[in-house]
């Protein structure tokens, strides 16, 4: 794995005090190219926010069972689309989580691991958990008579939010150890999101669903504990200047 070193980084202005002074003087002497301000930019954003519609919708139930359930929720004063929307969000995130671990496994195969870090088997085990959680959510959506292939508004949102995490994992210049930071972001989100989904399913009286989701929540808590430990070990090794690369353990 790559060591963080001092090199020819020229992104800061302190590397060229003469040129940086000229840049600052020029910026202060020359007026902006437009008469607008940050307040005008904020006003445009607000206008777009008011004029824009929603990010998609939840499709109607695809079965008679789903229609009956939706009608029952309306009678009890609960919006039937909300639970489907949040289940779709979790489904999307678990799908992305599976791909995230696949990307980390590929980097592990290329670079190897480090003392106190994950083995290939560790990464595969968590990837398989994420895939099982995806299947669990798919079944939960189907039991409600909904379509698990539909992209709900919250699924669309979380897909966009998690795109940067996956981008870190597949960026070849970011090494395996550095990419673990992306896992931490994902697992922190995963843990809180499962907890909130359990609360929502409880409010909707989905006791069987809640019981299954609590098992998934326990898995995610363990994932977070492992990722935190791996990152702590990596940071300790880096602080000592110790070599961190071990021989990759490729799949049989």
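The values are calculated or read from the model by the stated rules, or taken from the named source; none is laboratory data. Because the structure is a prediction, the values reported are computed rather than measured. Counting neighbours? That spans all protein chains shown, and the Cβs are built from the backbone with ideal geometry, glycine included.
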Looking only at helices (runs of 4 or more DSSP H) that lie completely in region 119-207, which have at least 3 residues being without any contact (Cβ under 8 Å) to a residue 24 or more places away in the chain? 120-143, 163-170, 176-203
Would you confirm, using the coordinates I've provided, whether residue 147 is over 20 Å from residue 101 (Cα atoms) and touching a helix residue (DSSP H, G or I) at 6+ places or on another chain (Cβ under 9 Å)? yes
Answer yes or no as to whether residue 137 is more than 30 Å from residue 233 (Cβ to Cβ) and at pLDDT below 95. no
Checking the structure you have, find out if any residue of region 228-249 is closer than 19 Å to residue 136 by Cβ, at pLDDT 95 or above, part of a helix (DSSP H, G or I) and under 26 Å from the mean Cα position of the chain (by Cα). no
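Sort out for me the helices (runs of 4 or more DSSP H) sitting completely within region 1-112 that have 1 or more residues that are within 29 Å of residue 130 (Cβ to Cβ) and at pLDDT 75 or above. Let's see the steps before the verdict.
Working: elements: 17-29, 38-51, 64-75, 80-111.
Where helices (runs of 4 or more DSSP H) fall fully within region 1-112 and carry at least 1 residues being within 29 Å of residue 130 (Cβ to Cβ) and at pLDDT 75 or above, they are 80-111.
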